[in-house]
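The values are calculated or read from the model by the stated rules, or taken from the named source; none is laboratory data. Computed from a predicted structure; not experimentally measured. For neighbour counting, all protein chains shown are included, and Cβ atoms are generated from backbone atoms with ideal geometry for every residue, glycine included. Heavy atoms of the whole protein, side chains included, go into the accessibility calculation; ligands, DNA and RNA do not. Shrake-Rupley method; radii C 1.70, N 1.55, O 1.52, S 1.80 Å.
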Protein chains: 2
Amino acid sequence: MYTQGVNTSERLIEATRELLWERGYVGTSPKAILRQAGAGQGSMYHHFTGKPDLALAAIRRTAAEMRATAEADLGRPDTAYERISAYLLRERDALRGCPVGRLTMDPDVIASDELRAPVDETLDWLRERLEEIVEEGRERGEFSASLIPSETAALIVATVQGGYVLARASSSPAAFDAGVRGLLALLAPQECAGPAGSAAG
Amino acid sequence: MYTQGVNTSERLIEATRELLWERGYVGTSPKAILRQAGAGQGSMYHHFTGKPDLALAAIRRTAAEMRATAEADLGRPDTAYERISAYLLRERDALRGCPVGRLTMDPDVIASDELRAPVDETLDWLRERLEEIVEEGRERGEFSASLIPSETAALIVATVQGGYVLARASSSPAAFDAGVRGLLALLAPQECAGPAGSAAG
DNA sequence: GTCTATATAGAGATAGAC
DNA sequence: GTCTATCTCTATATAGAC
């Protein structure tokens, strides 16, 4: 059986994705979703058991999309530094923030293991993927052998997530870019960092 | 005229601070504040014009407290690296997140220049304070001369803010600590980082 | 499947007694 | 200054018509 155009269930999920990104879970009402989707009350409760169920479908899709977007940069045939750099410098609307990461500040999402799971899994996947790449770069001599891949990976993800916080606080993407450049400068393959720690004078 | 114990206005502000930290602005209702403060409806609207006004008082106080806490580590008589390290390694409840930074994910806070102002000013102050310290460390030879202080400062703040995101996503403070260690490893005064970027396998 | 009532609770604020 | 009504609007969900 065919569905002409986009069906209601689909529109509900997409509307929820947009509103969750913009206003979070607590700040998004079923009524707002229905308005955005152009659907009536009954449709939502026909396709989903309620707000949490619909939100879960929306979050899962957003999480999958985020992994695919990241992999597009991280999976390129290039050096580790170039792939990490491509991921960090990718065009972003920093003021919108991360549609997955922002959910960690939502009390109702964090209180529900089911809603939190896709958020956790996605950020965890990203960390592990970056860890592989850092390890690879270390073996190839791009990075210092003293780098700990798992910690470096956590740093990279944190820089992005925290960059969104700075951008939104200042209403400007500049701070996001600054943090990313600061990280890339420290990660950049370098000959010698300068004089040893001569703290005197 | 004396006020015995803590007055109602004070209790309202403290209750609001706790709830804003825990549930954000959108997720905090006046009713919840009154319950937490042990006050009636009338008290709140006597001392404040409404929810935004009370939230503003709470946010300002939290912001001031955050600056003081950071300065306690950053203002120590020590090397730049030690002060930054002390700030990053300070004991934190990473799962609670940053009471100031979390507000950047609150749509109603971001939509209001008045509510956003103390958030912006605080994170901006922190970045500038760290910038001074990085610059100082660079002049003293602790850090590479190629480091750009403003970008490094943005990175440090982003690492902390993003670390909270990772910790909350995974319900564990471990990821926060990992990111911080990853950053400190890259910042650590070092003699030579290893071989130059020989990317060929 | 989708719609329009309808129901119950809570958000946010006001009025006026004490 | 603080309290308890009270008010209007919205959140979330259900019922039942079409």
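So if I check each of A:T79, A:T49, A:T62, A:T69, which one is open to solvent by less than 60 Å² (accessible area, probe 1.4 Å) and farther than 24 Å from A:G101 by Cα? Spell out the reasoning first.
On the way: A:T49 fails: open to solvent by less than 60 Å² (accessible area, probe 1.4 Å); A:T62 fails: farther than 24 Å from A:G101 by Cα; A:T69 fails: farther than 24 Å from A:G101 by Cα.
Being open to solvent by less than 60 Å² (accessible area, probe 1.4 Å) and farther than 24 Å from A:G101 by Cα holds for just one of A:T79, A:T49, A:T62, A:T69, which is A:T79.
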For this session: Scan A:R129, A:R140, A:R181, A:R168 and give me the residue that is basic (K, R) and free of Cβ contacts under 8 Å to residues at least 40 places away in the same chain.
Result: A:R181
Seminar exercise, completed: Conditions (1) within 25 Å of the chain's Cα centre (by Cα); (2) at negative phi -> A:G24 fails only (2)
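If you scan the stretch A:57-94, which residues turn out to be part of a helix (DSSP H, G or I) and within 9 Å of chain B (Cβ to nearest Cβ)?
A:A80, A:Y81, A:E82
For residues in the stretch A:19-31 being assigned to a helix (DSSP H, G or I) and open to solvent by less than 20 Å² (accessible area, probe 1.4 Å), which is nearest to DNA strand D (Cβ to nearest atom)? Steps first, please.
Quick first cut of the stretch A:19-31, residues assigned to a helix (DSSP H, G or I) only: A:19-23, A:30-31.
Those left that are additionally open to solvent by less than 20 Å² (accessible area, probe 1.4 Å): A:19-20.
Working: A:L19: 10, A:L20: 12 Å.
It comes out as A:L19.
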For this session: Restrict the check to the stretch A:2-16 and report whether at least one residue is of a type outside the set (D, E, K, R), within 10 Å of DNA strand D (Cβ to nearest atom), in contact (Cβ under 8 Å) with a residue 40 or more places away in the chain and open to solvent by less than 40 Å² (accessible area, probe 1.4 Å).
Result: no
Exercise. Quick check: is even one residue across the stretch B:102-123 buried (at least 19 other Cβ atoms within 10 Å of the Cβ), part of a helix (DSSP H, G or I) and small (G, A, S)?
Worked result: no
Seminar exercise, completed: Per the list (1) within 16 Å of DNA strand C (Cβ to nearest atom); (2) crowded, with 21+ Cβ neighbours inside 10 Å; (3) outside any helix (DSSP H, G or I), residue check on A:C98 breaks on (1)
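Matching residues to (1) in contact with a Cys (Cβ under 7 Å, 6 or more places away or on another chain); (2) open to solvent by 10 Å² or more (accessible area, probe 1.4 Å):
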{"position": "A:A153", "(1), (2)": "no, no"}
{"position": "A:T159", "(1), (2)": "no, no"}
{"position": "A:Y164", "(1), (2)": "yes, yes"}
{"position": "A:A167", "(1), (2)": "no, no"}
{"position": "A:S171", "(1), (2)": "no, yes"}
{"position": "A:A174", "(1), (2)": "no, yes"}
{"position": "A:R181", "(1), (2)": "no, yes"}
{"position": "A:L184", "(1), (2)": "no, yes"}
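Taking only the stretch B:32-50 into account, find how many residues are near DNA strand C (Cβ under 6 Å from one of its atoms), more than 14 Å from chain A (Cβ to nearest Cβ) and either part of a helix (DSSP H, G or I) or under 13 Å from B:E14 (Cβ atoms) (or both). Lay out the reasoning, then the answer.
As a first pass, look at the stretch B:32-50 and keep what is near DNA strand C (Cβ under 6 Å from one of its atoms): B:32, B:41-42, B:45, B:50.
If we keep only those that are more than 14 Å from chain A (Cβ to nearest Cβ) as well, we get B:41-42, B:45, B:50.
Narrowing further to those that are either part of a helix (DSSP H, G or I) or under 13 Å from B:E14 (Cβ atoms) (or both): B:41-42, B:45.
Going through the stretch B:32-50 one residue at a time, the tally reaches 3.
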For this session: Return a yes/no flag: does the stretch A:6-19 have any residue that is within 12 Å of DNA strand C (Cβ to nearest atom), away from chain B (no Cβ under 14 Å) and modelled with pLDDT under 95.
Result: yes
Exercise. When the stretch A:112-152 is examined, which residues are found to be more than 7 Å from every other protein chain (Cβ to nearest Cβ), among the charged types (D, E, K, R) and under 19 Å from A:Y87 (Cβ atoms)?
Worked result: A:E121, A:R127, A:E128, A:R129, A:E131, A:E132, A:E135, A:E136, A:R138
For this session: Find all pairs meeting these conditions: Cβ atoms under 7 angstrom apart; at least six residues apart or on different chains; first residue within the stretch A:58-77 and over 26 Å from A:V109 (Cβ atoms); second residue outside any helix (DSSP H, G or I) and open to solvent by 30 Å² or more (accessible area, probe 1.4 Å).
Result: A:D73/A:R90
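Being aliphatic (A, V, I, L, M), within 7 Å of chain A (Cβ to nearest Cβ) and more than 15 Å from A:D120 (Cβ to Cβ) is the filter here, so list the residues in the stretch B:153-172 that pass it. Reasoning before the result, please.
Step one: list which residues in the stretch B:153-172 are aliphatic (A, V, I, L, M), which gives B:153-158, B:160, B:165-167, B:169.
If we keep only those that are within 7 Å of chain A (Cβ to nearest Cβ) as well, we get B:154-155, B:157-158, B:160, B:165-166, B:169.
Hits for the stretch B:153-172 are B:A154, B:L155, B:V157, B:A158, B:V160.
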